[in-house]
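All of the numbers you see were taken from the coordinates with simple rules; none came from a lab. In this text the structure is predicted, and so the values were computed from the model without any measurement. FYI the Cβ positions are ideal-geometry reconstructions off the backbone, even for glycines, and counts take in every protein chain you see.
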Amino acid sequence: MSTARNRRSQLTIAAVAGILGILVIGQLRGQAAVPGLSVLSAQELTLVIANLNTRNEQLRTEIASLDQQAKALESATANGQTTVGQLRADLARIRAWSGATGLTGPGISISIRGPIGGDGVEDLLNELRNAGAEAIAVGDVRVVPGTVVAGIPGAISVENTALPDLFEIRAIGSPEILLGTLTRAGGVIAQIGATYPDARISVTPLTTVSIPPTTRILISSHGQPRL
Amino acid sequence: MRTWIRSVPSWQITLAVALLALGFLIAAQLGAEGPRVRYTTQERSPLVETALGLQDQQEALKRQILELRTKIGTLEAQGPGSASSLRDLYAELEQARNGAGLIGLAGPGLVFRLEDSGQPGAGADSLVSARDLRVLVQELWLAGAEAIAINGERITVSTAVLDIGGSVLVNSAYLAPPYKIAAIGPADLYKRVQASVSFQDFVIERVERHGLALSVDDLDEVDVPAFAGTVVIRFGQPDASVAPGS
C-alpha cells in the first residue's frame, strides 16, 4: 500500500516537473526565435510591419523587373539576337543609382548656416535616404558609400574639403516626401536644432536639381567578387 | 481533525503549498499590470507573428533577387554576341554592378561585433542605437573600408540605418542584436580605425561609460554580401557624364 502511494506521489511530481520543463523550454525557444521583436511595443511592431510590407513590395517590383530582363535575354539568346538596347538601359540605371553618373530631377535644397557637427549632417543624410532620396550631394560632392561628413562644429569637411559656414545639401526625389520627412514635428531638423541651436536649416522644394557624379572609385581594390 | 492532517502524506502538503505560492505569484503579477499593458500584450502576439512571417517572405524575396541577378549575369556572359563592343558592354555592366554593391565581395578586413550592455538595470543609453552603428560604419569608411555590411545587409548609396524601439532597421530590414559589421579594406584597416580620435571617443563614451560590448575580429578574409534590394530611379534623369573608374 505504502509502495503504491510512493509511486503515485513520484509520478505526480514527475508529471508536474515535466509540464514545467515543457513550459520553460517553450518559452526559451519562443524568445530565441524572435530576438528583439519580443521586446518591442505594439506600436513599434506596427512600424516594423509597415516597413517590412513596404520593402517586400519594392522587392517584388524588383523581382518582376529582373524576371522580365532575364526572359528577354533568354529569348534573345534563343533567337541569336543581341539586346544592346536593354543592356545599355540597365547600365545607365545602375550607374545613375550608384553615383557613377550625374542625375537631374525634382528634389530639394537644404541650406545650412552656422555651427553644426558632422554627426548632425550625417543624421540629415540618413533621413534623406530614409525618405527615398535617389541622389544626394553635399556642396559639390556626390554622397556615395564611403562619403562621410566629419568634424566638430565650425570645422566640418567632406572628402577632405572643408565646408564653409553656409553650405547646401541637394537631393533628388519626391519634393513633398523629402520636405515632409525632414520638417515634421520632432523630425530630424527639430532634433538637430536641439543639439545645435545656433545652426539655421531651411529646406526649399525645387523642380530641378542637378547632382554630379562621384569622383570616388566605386570598385573595391581589396575585395574580389564572390562566385 | 489532527488525525486527518496526520493521515495526509507530506508530499501532498509540500505540493499544495508550492502550488498555492505559484498561484499567489501569478495573481500578484496580473494584478500589478495595468489594463493598457494587458491589452498591449494581447495585441503583440499576432503582431510578432505577422512581422516574423513578413521577415521570412523578405528573406525569400532577397534570395530570389540574387538568383535572378546571377541568372542574368550568366545569360549575358553566354550571349550570342562575340563582337568586342558587346563584350565591352557586358564588362561595363559587371563593373557597374560591382561598384553599386550588387555583387558580393570577399577580401581582407574586419568584423566588429556590437551588443547591448549586459549590466542589470541598464538604461536606454546602454542599448545599441542606429547612431552607434552609423558611427562605426563612418569610422570604417574614413579608415579606408571599401565594402560594409551590417548583419548581412550591404551598405549602399540608398541605405538608411534607423532606430525602431530597442532595435534597428537597415535597408528597411529589421535587425536584432548582436550587430556584426563586416568590412573589407586594407590589411591595416583596424589599426587605422583604432588611430582615429573619433573612434576612441566612441569607445570611451559608449563602451566604457555605457557598457556596450564591442569586440573585433581582424581577418584575412571577410565576406560582404551583395545588396538584395531595389535599384530604381523614378525621379532623376541620368546625365551623360560618368565618373572615372566606375
**OP:** Please verify whether the range A:86-94 includes one or more residues that are farther than 20 Å from B:Ala91 by Cα and at the interface with another protein chain (Cβ under 10 Å from one of its Cβ atoms).
**Re:** no
Would you say B:Gln55 is in contact (Cβ under 8 Å) with a residue 40 or more places away in the chain and in a helix (DSSP H, G or I)?
-> yes
Checked the range A:72-103 for anything more than 22 Å from A:Pro212 (Cβ to Cβ) and of a type in the set (Ser, Thr, Tyr); matches are A:Ser75, A:Thr77, A:Thr82, A:Thr83
Per the filter on the range B:86-100, residues within 7 Å of another protein chain (Cβ to nearest Cβ) and either part of a loop (DSSP other than H, G, I, E, B) or closer than 18 Å to A:Gln86 by Cβ (or both) are B:Leu86, B:Leu89, B:Glu92, B:Leu93, B:Gln95, B:Ala96, B:Arg97, B:Ala100
Residues of the range A:206-216 being facing another protein chain (nearest Cβ under 7 Å) and more than 22 Å from the chain's Cα centre (by Cα), in sequence order, are A:Thr215
